[in-house]
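> First the structure, then my questions, so here it is.
The values are calculated or read from the model by the stated rules, or taken from the named source; none is laboratory data. Since we're looking at a predicted model, the values are computed, not measured. For neighbour counting, all protein chains shown are included, and Cβ atoms are generated from backbone atoms with ideal geometry for every residue, glycine included. Ligands, DNA and RNA are stripped out before the accessible areas are found, and what is left, the full protein with its side chains, is counted by its heavy atoms. Shrake-Rupley method; radii C 1.70, N 1.55, O 1.52, S 1.80 Å.
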Amino acid sequence: MTKENQQIVLAKRPEGMPTHENFTYEDVEIKSPQKGEVVVRSLYISVDPYMRGRMSDQKSYTQPFPLNETINGTVVGEVVESEDDQLSVGDKVTGFLGWRYYNTTPASQVRKIDGEQAPLSAYLGVLGMTGLTAYFGLLDIGEPKEGETVVVSGAAGAVGMIVGQIAKLKGAHVVGIAGSDEKVNYITEELGFDAGINYKTVDDIQEALSGLCPNGVDVYFDNVGGEISDAVLNLLNSFARIPLCGAISSYNRTDGDLGPRVQTKLLKSRAKLQAFIVGDYADRFGEGVQDLAKWLSEGKLKYEETITDGFENIPDAFFGLFQGKNLGKQLVKIADPKY
Ligand SMILES: NC(=O)c1ccc[n+]([C@@H]2O[C@H](COP(=O)([O-])OP(=O)(O)OC[C@H]3O[C@@H](n4cnc5c(N)ncnc54)[C@H](OP(=O)(O)O)[C@@H]3O)[C@@H](O)[C@H]2O)c1
């Protein structure tokens, strides 16, 4: 094939906040597909906070990204060459692929998606990894009940905005914590959260929250960790549930992030804190996508995306996650579909 291809590789592991020095762009060939393989042209590439963890060489639930190899993440693309019986040229697919214009991959590693059911980009957000994270974390671990109070941090992000809306569907009183007035307005005015707090401008998060949660907190969906979560943990009701989804406030810290210790707080409230990874629910993804798609089609669920244009801007879009630049799911648009 003569088409030009490029990939972004992890050139150096970040210390603290990643910078352009950590990545290099390389020209690569498009590998000809063998039997059972397809060539996928990237249309949208997802950047996600968890990728920061994989850039460090540390023990985790998944392997670190190897140095000098392309970064892998979720991608939506179209099949432009096929040596597979099931997938044809023009099919739209999603899968775990490289930060490349073109990926040659076994067809079994991608899943066909339906651009008629929802915009293609939605398969990287509300109908993809982040929507499923919200769905299983909240419903399986949080188990919100009618009339209970649900607090979600990172509330205007890809996961958080879906969490709050599902909690509303379950009849909860929902309070979101986010990093700007625009974000707080969005979750309350557009998404129907009962209240929101801008953690960057409020004097005392705990005091503000306790005013907005007069009956205490029954479910805390934790996306951020750090001082925000320290404050919420002081307001837990007996038998509260804490789906521990992420701790983005710690991902770039180099100082060990020592905070208040939680054991006494959890013991007094007899709360359940359970960390989870969306992949733990892989065998139930169909169920989650079905419910999310149904709520979307009924207009009960809304979503927002921040779309950065251009392959060369993938690192900047990734950095922006740690600066709160995104409202909803952060994506990078690589190309328009040809087919
Ligand atoms: N367990 C899983 O399987 C799983 C799956 C997906 C995501 N996650 C985790 O869930 C969390 C949200 O992910 P997402 O994809 O939905 O990202 P996101 O919320 O769309 O984007 C990240 C947001 O985090 C906030 N943030 C950044 N630095 C912060 C800090 N120091 N303190 C507080 N907030 C900060 C920013 O919003 P503000 O403007 O509000 O600060 C930013 O927009 C992350 O921690 C991620 O690692 C876990």
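A quick yes/no check of all residues on (1) open to solvent by 30 Å² or more (accessible area, probe 1.4 Å); (2) hydroxyl-bearing (Ser, Thr, Tyr); (3) within 30 Å of Leu233 (Cα to Cα):
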{"site": "Asn72", "(1), (2), (3)": "yes, no, no"}
{"site": "Val80", "(1), (2), (3)": "no, no, no"}
{"site": "Thr105", "(1), (2), (3)": "no, yes, no"}
{"site": "Val110", "(1), (2), (3)": "no, no, no"}
{"site": "Asp114", "(1), (2), (3)": "yes, no, no"}
{"site": "Pro119", "(1), (2), (3)": "yes, no, no"}
{"site": "Val126", "(1), (2), (3)": "no, no, yes"}
{"site": "Phe136", "(1), (2), (3)": "no, no, yes"}
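> Six or more apart or on different chains, Cβ under 8 Å: which pairs go from a residue in segment 284-304 that's outside any loop (DSSP other than H, G, I, E, B) to one that's open to solvent by 60 Å² or more (accessible area, probe 1.4 Å)? Could you list them?
Ala293/Gln117; Trp295/Leu169; Leu296/Tyr303
> Would you say Thr149 is crowded, with 20+ Cβ neighbours inside 10 Å and more than 29 Å from Gly225 (Cβ to Cβ)?
Numbers: crowded, with 20+ Cβ neighbours inside 10 Å: yes; more than 29 Å from Gly225 (Cβ to Cβ): no.
Judged against the criteria, Thr149 is not a match.
> Does Leu331 fit the bill of being in contact with a helix residue (DSSP H, G or I) (Cβ under 6 Å, 6 or more places away or on another chain) and part of a strand (DSSP E or B)?
For Leu331, the condition - in contact with a helix residue (DSSP H, G or I) (Cβ under 6 Å, 6 or more places away or on another chain) and part of a strand (DSSP E or B) - is met.
Condition check ((1) within 11 Å of the ligand (Cβ to nearest atom); (2) under 29 Å from Gln6 (Cα atoms)) across all residues:
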residue: Gly90; (1), (2): no, yes
residue: Trp99; (1), (2): no, yes
residue: Ala107; (1), (2): no, yes
residue: Thr133; (1), (2): yes, no
residue: Glu148; (1), (2): no, no
residue: Ile162; (1), (2): yes, no
residue: Val175; (1), (2): no, no
residue: Thr188; (1), (2): no, no
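Per-residue answers, yes or no, for (1) over 20 Å from the mean Cα position of the chain (by Cα); (2) without any contact (Cβ under 8 Å) to a residue 60 or more places away in the chain; (3) near the ligand (Cβ under 9 Å from one of its atoms):
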| residue | (1), (2), (3) |
| --- | --- |
| Ala156 | no, no, yes |
| Val159 | no, no, yes |
| Lys170 | yes, yes, no |
| Ser210 | yes, yes, no |
| Asp222 | no, no, yes |
| Ser229 | no, no, no |
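> Let me ask another. Need pairs with beta-carbon distance below 9 Å; first residue closer than 12 Å to Pro18 by Cα and within segment 306-327, second in a helix (DSSP H, G or I) and within 7 Å of the ligand (Cβ to nearest atom); sequence gap 6+ or separate chains.
Within 9 Å, the pairs are Leu321/Ile248; Phe322/Ile248.
> Report the residue count in segment 37-61 for those that are over 15 Å from the mean Cα position of the chain (by Cα) and in contact (Cβ under 8 Å) with a residue 40 or more places away in the chain.
11
> Any chance you could count how many residues in segment 14-52 are open to solvent by less than 60 Å² (accessible area, probe 1.4 Å) and over 17 Å from Gly320 (Cβ atoms)?
Residues in segment 14-52 being open to solvent by less than 60 Å² (accessible area, probe 1.4 Å) and over 17 Å from Gly320 (Cβ atoms): 12 in total.
> Let me ask another. Looking at (1) within 13 Å of the ligand (Cβ to nearest atom); (2) closer than 20 Å to Arg284 by Cβ, which is the only condition Glu143 fails?
If we test Glu143 against (1) within 13 Å of the ligand (Cβ to nearest atom); (2) closer than 20 Å to Arg284 by Cβ, just (1) comes out false.
> Find the helices (runs of 4 or more DSSP H) located wholly in segment 74-190 whose residues include 3 or more that are out of contact with any helix residue (DSSP H, G or I) (no Cβ under 8 Å at 6 or more places or on another chain) and not assigned by TED's automatic domain parsing to the domain that holds Pro33, and list them.
Here the list reads 181-185.
> Next question, about the same structure. Go through segment 203-234 residue by residue and tally those that are farther than 20 Å from Lys168 by Cα and either open to solvent by less than 10 Å² (accessible area, probe 1.4 Å) or not charged (D, E, K, R) (or both).
The initial filter retains those residues of segment 203-234 that are farther than 20 Å from Lys168 by Cα, namely 203-208, 224-231, 233-234.
Those still in the list that are either open to solvent by less than 10 Å² (accessible area, probe 1.4 Å) or not charged (D, E, K, R) (or both) too: 205-206, 208, 224-226, 228-229, 231, 233-234.
Selection size over segment 203-234: 11.
> Now for a different question. Taking into account only those residues within segment 267-311 that are within 13 Å of Leu331 (Cα to Cα) and among the charged types (D, E, K, R), which is most open to solvent (accessible area, probe 1.4 Å)?
Checking each candidate, the answer is Asp309.
> Can you name the condition, by its number, that Ile197 falls short on among (1) of a type outside the set (Lys, Arg); (2) under 17 Å from Tyr303 (Cβ atoms); (3) in contact with a helix residue (DSSP H, G or I) (Cβ under 6 Å, 6 or more places away or on another chain)?
(2)
> Output the residues belonging to segment 232-271 that are in a strand (DSSP E or B) and over 28 Å from Phe322 (Cα atoms).
If the condition is that a residue be in a strand (DSSP E or B) and over 28 Å from Phe322 (Cα atoms), then Asn237, Ser238, Phe239, Ala240 are the ones that fit.
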